[in-house]
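This report concerns only the one structure given below.
The values are calculated or read from the model by the stated rules, or taken from the named source; none is laboratory data. Since this is a predicted model, take the numbers as computed values, not measurements. Virtual Cβ from ideal backbone geometry, glycine too; neighbours counted across all protein chains shown. Side chains are part of the model used for accessible areas, which takes the heavy atoms of the whole protein and leaves out ligands, DNA and RNA. Shrake-Rupley method; radii C 1.70, N 1.55, O 1.52, S 1.80 Å.
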Amino acid sequence: PVEQPLPPPRRSTLRAFATGHTGTASAAANVCVDVLGRVLLEVLARRAELGASLLRPGEGLLAGQSGLGHAALSFAKSTAGKGFRGVQGAAARAGAGGKVLGEINDETEEQMRMRTSIGVARAAANFNDLEVVAEYTKRLEGNFLKEIDAGYPRGHDTEQLRMCIKGLGGVVESFSNASERAIERLVSTMLPRVRQIVNEAVGNEGGSAIPAASFMGSPVLSGATSTVSSTRLDYDLDDRAFELAQLSEGYVGRMCSSLDELIEPLGAHFLPKLSDALLIGILGGVSTRLEAAIRKSKFTPLGAISLDSDVRYLMNFAKDRLDSPELKSNVTLCKACLPLARLNQISLLLNVDDLEDVLDLISVSKRKGNWDLKLDDAKTLLSLRVDFEGSKVNDLLQMDDE
């Protein structure tokens, strides 16, 4: 446990303080800063890196497109990955004569789920440890400074001792930065699966286009007897297709359900701060992929309204799962996730009733500091509206550019 190496540096430093000799206390303080800020930081950063590899969807302990891989199953079987030797070692054990996998097949599904959950919890703890030590070090600095104020007279030597202790502030920053990098690394390992989820939802892969009569894949509405596997993103909606869209959760609802299945195992074990950071990172990948798909669609005015509904659904999905109250508003959420902010801006742009309203929308949004779409982006996006003439779009925005 990460708590084990923390008390010894504290105790040794306090013993040095008890001597009343500033030189001894300063030396002990410098050793404490080095142990926490170099030795322990390196160990925990490596453990977090390993945790990211263990949680790679489809190859690690999180399910991928085809469920859990053999490496994850073997890892879970080996006492829930005790020792964290890595997915590669688990894969080797899985291929060694098939003995391990044979034993796994004898386990019940509930036992397998329990072992995998323990493995996920241990991998998540590697990330939490960085935040735990950062908070511990922050409190340790405050306690040491109180000891100095209570036990040492004012003077040059005492001030030097205080400066040694304040070196712990840099250690706190180092652990916080390492924690941010660890989450970024975890997000990058999960993004391939996230892209698959979005592609499956919008119909870019793994499914065929659904005719307008069965829009949003509802067998009840279409009179079909079989379940539709996936639904193509389509905002070129007539009145009938729009009405059907309002009666179904659509592709965004199914996409969010799949994202829940991916993220939920981690959310139960991460500290709230890390859980929020992970979700923001995943949301950024989703928004970027959705923007690329949206740029390939045509939009009727009704389709633009449907897009606005889908973007709101995605934002509400995120706010329902974020822990920080600061991220519960659309404004702060968009500031935290710029790709989502772009998606929201695209929705606003495509929902203008008339081209004459575009310049006012852009001007007002820029004054509020929440608009970063370039004019070329605006031209391309407005050209997707089937009721807007491309030449008028170019002329209007050309005037504003000048």
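Odds and ends about this structure:
- Taking θ as phi - 60° and the Karplus parameters 6.51, -1.76 and 1.60, the scalar couplings of the stretch 362-378 work out to 5, 5, 5, 5, 5, 5, 7, x, 10, 9, 9, 6, 6, 4, 5, 4, 4 Hz in sequence order, x denoting glycine and proline.
- Using a probe of 1.4 Å on the protein chains alone, the accessible area found for HIS269 is around 60 Å².
- Centre separation in Å (Cα based) which lies between the stretch 297-342 and the stretch 164-207: 20
- Accessible area of the stretch 269-380 belonging to carbon and sulfur atoms, whole % at 1.4 Å probe: 53
- Look at the alpha carbon pairs under 8 Å that are at least 6 residues apart: their mean separation over the length of the stretch 298-385 gives a relative contact order of 37 percent.
- Evaluating 6.51 cos²θ - 1.76 cosθ + 1.60 at θ = phi - 60° for every residue in the stretch 269-275, the Karplus couplings come out as 10, 6, 4, x, 4, 6, 4 Hz, glycine and proline recorded as x.
- Across the options TYR313, LEU283, ASN351, the greatest Cα extent toward the positive end of the charge dipole of the stretch 254-365 (unit charges at beta carbon of Lys, Arg, Asp, Glu) belongs to LEU283.
- The amide H of ARG385, built 1.01 Å from its N in the peptide plane, has PHE299 as neighbours under 5 Å, considering only residues 5 or more places off or on other chains.
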